[in-house]
Amino acid sequence: MNNASLTPVRAFVAALGIALLPLSQSAAAAGDELVHPQHLAQGAEQPSAAPALLAARRYATFWHTGDERYATLALAPDFIDRTLPPGREQGLRGPLQASSGFRAAVPDLSAEMEDVVIAGDRVAVHLRFRGHFTGQFGDSKGQGQQIDFQAFDLYRVANGKIVENWHLEDNLGLLRQMGVSK
């Protein structure tokens, strides 16, 4: 497979010489309710990435379900959002607020972990969100528009919890899909 046919995350990982392994269906159906990454890569020097991966999966499951207990399990008590949008509270309340507001607009929101790369105490996550804009967003009422956008997160994990997060979302693409922006 050449790098031109890979997604940007997969191409980056391939350029680093790290194996990006697809997870088998049996691994994804292991019986727990947490979201599983479609592809996972970890550095050879990483003796055990399990606590970091578990924190990332819990946080993705929070975005997938809206269930606050997953955010509480994933985020450290002193969690800091390093790319805090205007108007969002710092700490745990910020993601809870964001999820609640977004689910008011897109009640059937789902989140998938397409790619996860773990190196040291850092976890890079490529998320894909899907749903339908049937609710309310500001002054706009949804008409069932299909929503499909991506986000990229970088977590710093300590003691099995996310302590810092940097994130980028395709907000313009999202607003265009909602018909809120051109």
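A few remarks follow.
- When 95, 51 are checked against the criterion of being within 18 Å of residue 128 (Cα to Cα) and not small (Gly, Ala, Ser), 95 stands alone in meeting it.
- Restricting attention to the stretch 50-73, the residues that are crowded, with 21+ Cβ neighbours inside 10 Å and either touching a Gly at 6+ places or on another chain (Cβ under 8 Å) or at pLDDT below 90 (or both) add up to 2.
- Qualifying residue in the stretch 138-148 (condition: part of a loop (DSSP other than H, G, I, E, B), within 18 Å of the chain's Cα centre (by Cα) and either in contact (Cβ under 8 Å) with a residue 40 or more places away in the chain or at positive phi (or both)): no
- Of everything listed in (1) buried (at least 17 other Cβ atoms within 10 Å of the Cβ); (2) within 14 Å of the chain's Cα centre (by Cα), the single unmet condition for residue 168 is (1).
Conditions (1) charged (D, E, K, R); (2) modelled with pLDDT of 95 or more; (3) surrounded by 14 or more Cβ atoms within 10 Å (Cβ to Cβ), marked per residue:
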{"site": "99", "(1), (2), (3)": "no, yes, yes"}
{"site": "107", "(1), (2), (3)": "no, yes, yes"}
{"site": "125", "(1), (2), (3)": "no, yes, yes"}
{"site": "134", "(1), (2), (3)": "no, yes, yes"}
{"site": "137", "(1), (2), (3)": "no, no, yes"}
{"site": "158", "(1), (2), (3)": "no, yes, yes"}
{"site": "161", "(1), (2), (3)": "yes, yes, yes"}
{"site": "178", "(1), (2), (3)": "no, no, yes"}
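- Qualifying positions in the stretch 80-96 - assigned to a strand (DSSP E or B) and either under 19 Å from residue 35 (Cα atoms) or in contact with a helix residue (DSSP H, G or I) (Cβ under 7 Å, 6 or more places away or on another chain) (or both): 81
- Within the stretch 97-117, the set of residues being under 18 Å from residue 35 (Cβ atoms) and not in a loop (DSSP other than H, G, I, E, B) comprises 98, 99, 102, 103, 110, 111, 112, 113, 114, 115, 116, 117.
The values are calculated or read from the model by the stated rules, or taken from the named source; none is laboratory data. Just so it is clear, the structure is predicted and the values come from calculations on it, not from any experiment. Quick reminder, even Gly has a Cβ in these numbers, built from the backbone with ideal geometry, and neighbours come from all protein chains shown.
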